[in-house]
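The next block holds one structure in the form of structure tokens; read it before the comments.
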Amino acid sequence: MGLERAKLSHRPIFIMGMYRSGTSMVAEVVHRWGAYGGDVKLLAKPDSRNPRGFWESDLIHTFSVALFRVKFLSLWHPDFGKELRQRADEPEFRDEAIRITQEMASHNPIWFWKQPYLCLLLPFWKKVLEDITFIITVRNPYESALSWQKFLLPKEEGFDERVSIIAANLLRWQYFMLTALAETEGSRHRVFVDYDRFQANPVGEARRLAGFLDAEYGRTSDEETIEQMGQAVAPDLHRQRASRPFAEVPEATTEQQALDEYLRRKVDDPDLPFVPERYTLFPGWREYLMNIDLFRDYYGMANALLKRPTVRAAVAAEVPFRFLGQAYRGLRLRLAAR
């Protein structure tokens, strides 16, 4: 006998893709179509990355953070998906997951969540929800990697100009998309949205997406609604533009270039068979991404530590390094407890 799943009158909409691939733009388009994305007060606030807002509900963010701490495994650990499926069987997580989905449905039976990490969390949600409508964004992965690097790397002392994580970001993109493809393969409720096409033809692509959603939920969008959906596209926010085709990007592997080409074809033919063996990640990719994440954590926490008034005063007064050694040991303990 299977476990009880969330009782919802309509399939929820999951908007997902790699970071900086247009998920926020598509979320606003879906909002203008008429789906509920969460209490405005609980949505992530706009900033320089997304001046029009992220459309990420605090409900899903808080819950996702708890899921990420699966036995403190890295997202890149080979057992991450397996542990997520096990979490879906644990009442503590399952009951809370059902509660927050029902809360969303209480505001509007047609609702959506937008979060790039949903690509990796599908092993959990597919065991909790009976069915899901998937909107998967497709963008030149090199542009996403450039944009992600711009906002991710610290700018102190020109750090962002001396360090590059383009190859790491392309690996993230590859793993995100391969996981999304594998977890949604065979779904009858899936559409792929091309970021570049939306930029070039906002109303035309809005009409295409509205047609898909109308068919999914038994609605009929009028021209005014479609026009409003198209107005969610802001060409001036397309700030990272690749100067060359992805097939010519030196940091990209042959498998990544083939995956990008395949995803472009999926926009027009979502039923195109998925053959994961054609897009394999290179040996050692997990270790590479784990080390990159560890490096970012160490740098971020060390930088915050060095900004403390007591530490800055100690450095200025040339206090013996024993003091800084104690602070460093405290940093290591904090990292170990994460």
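Assorted remarks:
- Extension gain for the segment residue 304 to residue 214, taken as residue separation times 0.36 nm less the Cα-Cα distance, is 27.5 nm to one decimal.
- Long-range HN-HN contacts of residue 193 with modeled amide H, under 5 Å: 136, 137, 138
- Label-reachable residues, the range 282-310, where backbone N falls under 16 Å from a point 7 Å from residue 163's Cα toward its Cβ: 288-307
- What the phi angles of the range 13-23 give under the Karplus curve with 6.51, -1.76 and 1.60, with θ = phi - 60°, is a coupling list of 9, 9, 9, 8, x, 5, 3, 6, 10, x, 5 Hz, glycine and proline written as x.
- Distance between the pseudo-spin-label points of residue 106 and residue 10 (7 Å out from Cα toward the beta carbon): 1.8 nm.
- Remark: for residue pairs 45/307; 41/114; 114/266; 41/150, the C-alpha separation exceeds 18 Å in 45/307; 114/266; 41/150.
Bear in mind these aren't lab numbers, they're just calculated from the coordinates by the rules spelled out. For clarity, every value in this text was computed on a predicted model and none was experimentally measured. So basically every Cβ, Gly included, is an ideal-geometry build from the backbone, and we count neighbours across all protein chains shown.
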